Amino acid sequence: MVYLNRIYTRTGDDGTTGLGNGQRVPKTHPRIVAYGGVDELNSVLGVALSSSLPGWMAERISHIQNDLLDLGADLCLPETEPSTDADAPPPKPPLRVSEDQVLQLEGWIDEANARLKPLTSFVLPAGTPAAAQLHVARTVCRRVEVNVLQLAEFENINSQVHVYLNRLSDLLFVLARVANADGTKDVLWVPGANRGKP
């Protein structure tokens, strides 16, 4: 249960913020950068939802937005060793991203990709406004995945977090193509097309 009453607390005025376990860390800490990026990605998807997306696609994006809050909650609470105190009450299980959530994305990728012809070139992040916005979300997702992997270099994290982000960027690529009239309005890369032109 989340209860927010006061929005400002002044506790972050010293440049620190609290993790889910109460530990305070600098706002520049890689864990904060990682789940801050997840929040940015969620906001970018909110902008994509304001585009003219088909109903089924908007439903999936809304579903993903909720998943991304799960993912942020996962990253906000560092993994800890189980207590050896036999008298301690059993801890509440933390919210962790699951393999089922990843498999859901894979099913959606396969479903959307079935609408498309295979590519013969890379696509430019362009086309319809909805497609362009989904490409922006895809690139933000890739950066956030890198942030999470950088965190994982020195702290334990749930491996499903970066797997989810990896699949999500693939899904956003496919959805961007679908938003380009099932790929018929994709703008293809022409290697070297502008070399030698004034």
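Over all other residues within a Cβ to Cβ distance under 13 Å of residue 141, the charged ones net out to -1, with Lys and Arg as +1 and Asp and Glu as -1. Taking only alpha carbon atoms, segment 126-198 gives an Rg to Rh ratio of 1.15, where Rh is the Kirkwood radius. Maximal additional length on extending the residue 103-residue 66 stretch stands at 11.7 nm, based on 0.36 nm per residue less the C-alpha distance. Near residue 123, the amide H atoms lying under 5 Å from its own belong to 189; only residues 5 or more places off or on other chains count, and H is placed 1.01 Å from N.
Around residue 109, with a cut-off of 13 angstrom between Cβ atoms, what is the net charge of the other residues, counting Lys and Arg +1 and Asp and Glu -1? Walk me through the numbers on the way to the answer.
Working: positive: 60, 115, 138, 167, 177; negative: 106, 110, 111, 170.
After counting each charged neighbour, the total is +1.
In terms of overall dimensions, segment 61-198 has a Cα radius of gyration and Dmax of 19.5, 78 angstrom. Placing +1 on the Cβ of every Lys and Arg and -1 on the Cβ of every Asp and Glu, with nothing else charged, gives segment 90-180 a dipole about its Cα centre of roughly 320 debye. Using +1 at the C-beta of Lys and Arg and -1 at the C-beta of Asp and Glu, which of 149, 180, 192 has the Cα lying farthest in the positive direction of the dipole of segment 140-198? Farthest towards the positive end: 192.
For segment 143-148, the Karplus equation 6.51 cos²θ - 1.76 cosθ + 1.60, evaluated at θ = phi - 60°, returns couplings of 5, 5, 4, 5, 4, 5 Hz by residue, with Gly and Pro reported as x.
Computed from phi, the 3J(HN,Hα) profile of segment 176-184 under the Karplus parametrisation 6.51, -1.76, 1.60 (θ = phi - 60°) reads 4, 5, 4, 5, 8, 6, 6, x, 6 Hz, with x in place of Gly and Pro. Under 5 Å from the amide H of residue 77 lie the amide H atoms of 20, each residue being 5 or more positions distant or on a separate chain, with H modelled from the backbone and absent for Pro and chain starts. In sequence order, segment 39-45 has phi-based couplings of 5, 4, 4, 4, 5, 5, 5 Hz under the Karplus curve 6.51 cos²θ - 1.76 cosθ + 1.60, θ = phi - 60°, and Gly or Pro positions carry x.
No lab work stands behind these numbers, since they all come straight from the coordinates. As the structure is a computational prediction, the values presented were derived from the model and not from experiment. Backbone-built Cβ (ideal geometry, glycine too); neighbour counts: all protein chains shown.
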